[in-house]
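Worksheet: one structure, shown below.
What follows draws every value from the coordinates through simple rules; no lab data is involved. Remember, predicted model here, so these are calculated numbers, not experimental data. Backbone-built Cβ (ideal geometry, glycine too); neighbour counts: all protein chains shown.
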Amino acid sequence: MNTRENKQIAIGESQEKKKEYLVKTFALLKKREALVINNKKTYFNQTELRMIGEILSAKNEGDRLISTQLAKLLGVTRSAVSQIVNRLEERGIVKRVPDDVDKKIAYIELTDGVMDKYGKDLDSSIEFVGNIVSEFGEEKFNTMCELFGEFVDLIERKI
């Protein structure tokens, strides 16, 4: 074989390796989507729990969030946030509050009384994840989180 043929084989192998990486990345993402952080029946689903957490975090920092901000924080579309907010609004969990100046802007805020239900779900999730980490190993868990964070940061920089 000549040098040119060797380079073509190397390029072909490299492309195959890259395809393998893509398949593994998709498999990881699919598993992540199916991941459950609680093994008990909860009042809120995972996305709702995360959304409430983001609203609380913003409130603790003196901020309020609109749907676009929630979508970015949760990694979902604005349409998905709108559907979730509609469901939570029907259940009396959140409310849309118009901005004092620009009435087109609506902040998503929690209603009174939601903290008890949220607290119970959060405590249950904390207990479940704590047990998983105990079995998996704290060092392995921390390493996994660190590596995954680096991987996601790199993806974001490349995008």
Could you tell me which of F151, I55, Y21 has its Cα farthest along the dipole of the chain towards the positive end, charges placed at Cβ (Lys, Arg +1; Asp, Glu -1), taken about the Cα centre? Y21
With only alpha-carbon atoms in the gyration tensor, what are the semi-axes of the equivalent ellipsoid for segment 36-158, in Å, largest first? 29, 20, 12
For I126, I159, I66, I52, what ranking results if the residue with the fewest other Cβ atoms within 10 Å of its Cβ goes first? I159, I126, I66, I52
Out of segment 65-159, which GluC sites (Glu not before Pro) are coil in DSSP terms and have no more than 16 other C-beta atoms within 10 Å? none
To the nearest 20 debye, what is the magnitude of the charge dipole of the chain about its Cα centre, counting +1 on the Cβ of each Lys and Arg and -1 on the Cβ of each Asp and Glu? 760
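Cross-link list K72/K104; K41/K103; K18/K72; K31/K72; K59/K120; K30/K59: which exceed 27 angstrom alpha carbon to alpha carbon?
Beyond 27 Å between Cα atoms: K41/K103; K18/K72; K30/K59.
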Relative contact order, percent, the chain [alpha-carbon distance under 8 Å, six or more residues apart]: 21
With loop defined by DSSP as not H, G, I, E or B, and exposure as at most 16 other Cβ atoms within 10 Å, which is the longest segment of the chain clear of exposed trypsin sites (Lys or Arg not before Pro)? 105-159
